[in-house]
Amino acid sequence: MSLAYDDLRDFIAQVDDLGALRRIDGADPYLEVGAITEVAAGMPDCPALLFDHMPGVQKGFRIFSNATVQAKRAALALGISTQLSPIEALKVWKDKRSTLKAVPPVSVTRADFLENSQTGAAVDLGIFPVPKWHQNDGGAYIGSGSLVIMKDPDTGWMNASIYRVQVHGKNRVTIQFDHKGRHGNMIAQKYWDRGERCPVAVVNGEDPALFIAGFEYLPAEKSEYDFAGAIKGRPIAVYPGPFTGLPLPARAEIILEGHLLRPEELTLPEGPFGEFTGYYAADTRPAPVMDVEAVHYRNDPILLGSPPMKPPRFHFGLPFRAASIWGDLENCGVTDVVGAWQHVSQLMTVIALEQRYAGHAKRAGLIAAANSYMGRLVVIVDEDVDPSNLADVMWAVTTRAEPSESVDIIKDAWSSALDPRIPLAEKSRGATSHSKMIINACKPFAWRQDYPKSSALSIADARAIELKWQHALKAPQ
């Protein structure tokens, strides 16, 4: 199935049709846009926001935020029915993800992003509404949801990942790769080792399929363009950048072209920047500098903003990595998994299954823990518990888990330098691991048939009632 939207503007129109878009006039890009974005992301309906008429910014130069932080909009971006429940939508995505076939981009003869251009000394990033998202950020970030486009000089592999991009004046930005294992850093290093600057483009305002692809953990030599084309069911249209020759999304909103300077030439202090954990995980540190040689933008351009926020606010309303863990469980032969979800911005993983044998739940918990990036908590629940409903999960924890029997601690497990709980002294020595707690909140297998019966509707029955009576249950507009 092909997705209905062609670009970010089409997607915004569809969000508006869902009644999920709020237009905000007069907000200041300095802290206020970020604050409104965070407050809105914490609201029950979690609306998407389109900012305009900002102080000091030309009318029509806009910011779009909270694009996919809610489940229906995440489903819309993936071409999945917005009428599905969150757990149903995630299962559809899991199944779709496992069968996707790469769709390479196609070159076109014109590009919308060339409606306006600045080059050389005329480049001025100050014309755009570049937010300072969080109070203690080290500066303004044009790239919080932006693609960084690079080409491997040896293989031609096109990489289009999301890295944060901080503005340092009219024509310079820094790109933070986080660590040397990032694909972008690996590609740049090849140019630097040859004594060359690395051609690079920053895409601000890509369509949601590219945004999703940019966050995916794809293997080396696999292109996000191909993955986005697979999501959309048709190729991404690209046009060669006039200054770099890199293939760039033809319908993108704002594109910066230039070169990453060799670190020996110049680095600039980058950060700190509020992380998805809700903390500042690192102080200011040197980052590679991009000399911006050209800026291209559409008429009335839209900057896509996706700042990390305090959990449970997250980039995506559907936890894609939970779908990956669900697939991992199935690939390892763990049967009867009926659902998976992640709460607190992927820091807590929940697996729902129908127990078939003693140790079934523990087996699933161990595999989930091994594949939960940074997550300290893994909870296993029975099939009558909706893993996407945190209140339902905690009901199972408080009525089915016995602390002295149902908890296991795994030491020295997978985490990250972004983990705020790892002491700074340990991080300085390279420590990036922590312990993980597995909570078995399933009915005890040996006597599950004798466990007191639940008085609640089954998940299927509750869903049927919701669909039949939703017209009456919805608040009047």
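The values are calculated or read from the model by the stated rules, or taken from the named source; none is laboratory data. The shown structure was predicted, so the numbers you read here are calculated from the model rather than taken from an experiment. Neighbour counts run over all protein chains shown; Cβ positions are idealised from the backbone, glycine included.
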Run down 406, 388, 435 and say which single residue is more than 23 Å from residue 88 (Cα to Cα), surrounded by 15 or more Cβ atoms within 10 Å (Cβ to Cβ) and in contact (Cβ under 8 Å) with a residue 24 or more places away in the chain.
-> 406
Restricted to the range 291-304, and to residues that are in a strand (DSSP E or B) and within 23 Å of the chain's Cα centre (by Cα), which residue is surrounded by the fewest Cβ atoms within 10 Å (Cβ to Cβ)?
-> 302
The range 278-325, residues that are in contact with a strand residue (DSSP E or B) (Cβ under 6 Å, 6 or more places away or on another chain) and among the small types (Gly, Ala, Ser) | 287, 294, 305, 322
Scanning the range 354-367 for residues that are without any contact (Cβ under 8 Å) to a residue 60 or more places away in the chain and closer than 26 Å to residue 317 by Cβ, which turns out surrounded by the most Cβ atoms within 10 Å (Cβ to Cβ)?
-> 364
Check the range 232-242 and report whether any residue there is out of contact with any strand residue (DSSP E or B) (no Cβ under 9 Å at 6 or more places or on another chain) and without any contact (Cβ under 8 Å) to a residue 40 or more places away in the chain.
-> no
Scan the range 416-426 for residues that are more than 18 Å from residue 308 (Cα to Cα) and surrounded by 16 or more Cβ atoms within 10 Å (Cβ to Cβ) and report the count.
-> 1
Which ones in the range 93-135 are surrounded by fewer than 19 Cβ atoms within 10 Å (Cβ to Cβ) and hydrophobic (A, V, I, L, M, F, W, C)?
-> 100, 102, 103, 106, 108, 114, 121, 122, 127
Hand me the list of helices (runs of 4 or more DSSP H) wholly inside the range 160-242 holding 3 or more residues that are within 16 Å of residue 6 (Cα to Cα) and aliphatic (A, V, I, L, M).
-> 208-215, 224-232
Answer yes if at least one residue in the range 89-100 is closer than 23 Å to residue 255 by Cβ, of a type in the set (Lys, Arg), assigned by TED's automatic domain parsing to the domain that holds residue 274 and outside any loop (DSSP other than H, G, I, E, B), and no otherwise.
-> no
Members of the range 305-347 found to be under 12 Å from the mean Cα position of the chain (by Cα), part of a helix (DSSP H, G or I) and at pLDDT 90 or above, listed by number | 321
Evaluate the range 276-290: report whether one residue or more is under 23 Å from residue 212 (Cβ atoms), among the polar types (S, T, N, Q), modelled with pLDDT under 95 and assigned to a loop (DSSP other than H, G, I, E, B).
-> yes
Does any residue of the range 135-142 turn out to be part of a loop (DSSP other than H, G, I, E, B), over 29 Å from residue 187 (Cβ atoms) and in contact with a strand residue (DSSP E or B) (Cβ under 9 Å, 6 or more places away or on another chain)?
-> yes
Checked pairs for the range 450-477, first more than 19 Å from residue 44 (Cβ to Cβ) and modelled with pLDDT of 85 or more, second among the hydroxyl-bearing types (Ser, Thr, Tyr) and surrounded by 12 or more Cβ atoms within 10 Å (Cβ to Cβ), C-beta under 8 Å and 6 or more apart or across chains, list as 463/85
